[in-house]
Amino acid sequence: MNELALQLNETIQQEEKSVYEMLSDLGRKIYFPKIGILSQSAEAKAKANKYNATIGTALENGQPMHLKVIQDTLSAYSPKDLYEYAPPAGKPELRSAWRNKMIEENPNLQGKSFSNPIVTNALTHGLSIVADLFADSEDAVIIPDKNWENYELTFGIRRGATIVQYPLYNDNNEFNDAGLKEAILAQKDRGKAIVVLNFPNNPTGYTPGRAEVARIAEAVKAGAEAGIKVVAVTDDAYYGLFFDDSITESMFGQLCHLHPNVLPIKIDGATKEEYVWGFRVGFITYGHTSSALLDALEQKTLGIIRATISSGPHPSQTFVLHALQAPEFAAQKQEKYEIMKGRANKVKKLLDSGAYDDAWDYYPFNSGYFMCLKLKTVGAEELRKHLLNEYGIGTIALGDTDLRIAFSCTEEEQIEDLFQLIYQGVKDVEKVSVS
């Protein structure tokens, strides 16, 4: 094993042995090279005041070489903020700005110790880093039965982990903390569990309330107290889109300092929060009381980034940083939030009218982009195909009964027509089934 990896492992073991035991085989082997092209280039950048012949980019007239046809469309930005490689950890100014944003928006982070956010190539990349660092073959990854299908690819297919599911809702249509606790405690023989908490939930649009969150934290803590090393991942893809009767903070702060056997990891990004889906700018943040351990985890994270994408795209990091620093940012974001909230409320009002009760129930939702119908009389896949072929309406079928509807991409004035057509589609399929 490389000497740098051994040093990082030793630091992690000294600071928190349980965190070392959470690392995968790859997580223990990975390191960020301190002697090599990047480190030598960084040293030259600081000291080579005459000629710097280390840089793997082309320069012209003292700035990054570029094509006029590209720069003309980006003339508001300096070439140095677009064309050069971004550092593997991301633009330092962006990392600081995102950290400040996290603290401002999450009062539960006050007094908590956590790393500087590291820039990822959006949220999937952040989850992939977690999988590489912490998931070995047959490790348990615990997710609810209503989940984003990419978890299976990221943790199961890529890393060979075992996906363990529990029902998202309990009999009271609240978050099923008892099911989560049972799933965690069932991993006692393994001694380790990776728990993914995704709020607002994709596909249901559900976020728990404060009392539910306290019970979730207790479920995680119960596993830790039973000796299980818990990697607690908050997938905050839809963070900030909280519309009604839910927490308005990330669970990351609740999990920080919870127990020595719990390592909180926050995965978030500008993708949905700032409505920049194609920019691919995300972040990964670790929570722990030891700064030395946080530094070691950052080095291992940078090793994964260096070994996969080398570094994230520089232009989109510059664009997001510009937005965060703009005086108009908060007001413009609030404007979009109100539009999204209006759509969610319109959906809920329609569904609560009773007009569709014979065709479906719906799962509780209060946030995010989506909601899910629970069909009573027809199959979800059959209805999905019928709506697409006969009405030109696209929906997502999940299992036998669940149909996901994205109100995020449906104008408020179109929502009533959308659900009326879905209802008509149900009636069409019912008639075919009877005949």
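Read the figures in this text as sums done on the coordinates, not as results from a lab. Because the structure is predicted, anything quoted here is derived from the model rather than measured. Cβ coordinates were reconstructed from backbone atoms using ideal geometry, including for glycine residues, and neighbour counts include every protein chain displayed.
Overview of results
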{"read-out": "Mean separation of Cα contacts under 8 Å (6+ apart) over length of the chain, as relative contact order %", "value": "18 percent"}
{"read-out": "Mean Cα-pair separation over length for segment 338-435, i.e. relative contact order, pairs under 8 Å, 6 or more apart, %", "value": "30 percent"}
{"read-out": "Listed residues Q420, Q299, Q317, most fluctuating in the chain (Gaussian network, C-alpha, under 10 Å)", "value": "Q420"}
{"read-out": "Angle between the chain longest axis and helix 92-105 axis [Cα atoms, degrees, rounded to 10]", "value": "40 degrees"}
{"read-out": "Segment 387-393 - phi-based ³J(HN,Hα) in whole Hz, Karplus 6.51/-1.76/1.60, Gly and Pro as x", "value": "4, 5, 6, 9, 10, x, 10"}
{"read-out": "Helix 37-47 vs. the chain, principal-axis angle (Cα, 0 to 90°, nearest 10)", "value": "60 degrees"}
{"read-out": "Crossing angle, helix 291-308 versus the chain [Cα axis fit, 0-90 degrees, rounded to tens]", "value": "80 degrees"}
{"read-out": "Centroid-to-centroid separation of segment 59-86 and segment 385-435 [C-alpha atoms, Å]", "value": "47 Å"}
{"read-out": "Correct choice for Cα extents along the principal axes in Å that was computed from the model, options (i) 82, 59, 39; (ii) 63, 52, 41; (iii) 84, 57, 36", "value": "(i)"}
{"read-out": "Members of K229/K266; K68/K91; K101/K333; K17/K229 lying beyond 22 Å, as alpha-carbon distances in this model show", "value": "K68/K91"}
{"read-out": "Computed magnitude of the charge dipole of segment 330-434 (debye, nearest 20; Cβ of K, R +1, Cβ of D, E -1)", "value": "320 debye"}
{"read-out": "Residue order, fewest to most beta carbons within 10 Å, for Y275, Y286", "value": "Y275, Y286"}
{"read-out": "Extension gain from E416 to D357, taking 0.36 nm per residue of separation minus the Cα-Cα distance", "value": "19.7 nm"}
{"read-out": "Semi-axes of the equivalent ellipsoid for segment 330-434, Cα gyration tensor, largest first, Å", "value": "26, 13, 12"}
{"read-out": "Under 13 Å from K341, Cα to Cα: aspartates and glutamates that are on another chain or at least 8 residues apart", "value": "D244, D245, E411, E412"}
{"read-out": "Value at 222 nm in deg cm²/dmol, rounded to 500, when DSSP H runs of n ≥ 4 in the chain each add -39,500 (n - 2.57)", "value": "-12500 deg cm²/dmol"}
{"read-out": "Which of W98, W277 has the fewest Cβ neighbours within 10 Å, and the rest in rising order", "value": "W277, W98"}
{"read-out": "Principal semi-axes in Å for segment 173-292 [√(5λ), Cα gyration tensor, largest first]", "value": "24, 18, 12"}
{"read-out": "Share antiparallel - DSSP beta bridges, segment 115-257, percent rounded to 5", "value": "5 percent"}
{"read-out": "Beta bridges by DSSP in the chain, antiparallel share as percent, to the nearest 5", "value": "55 percent"}
{"read-out": "Peptides 348-357, 219-228, 255-264 ordered by average Cβ neighbours within 10 Å, highest first", "value": "255-264, 219-228, 348-357"}
{"read-out": "Charge-dipole axis of the chain as Lys and Arg at +1 and Asp and Glu at -1 on Cβ define it, positive-most pick from T11, M102, N121", "value": "T11"}
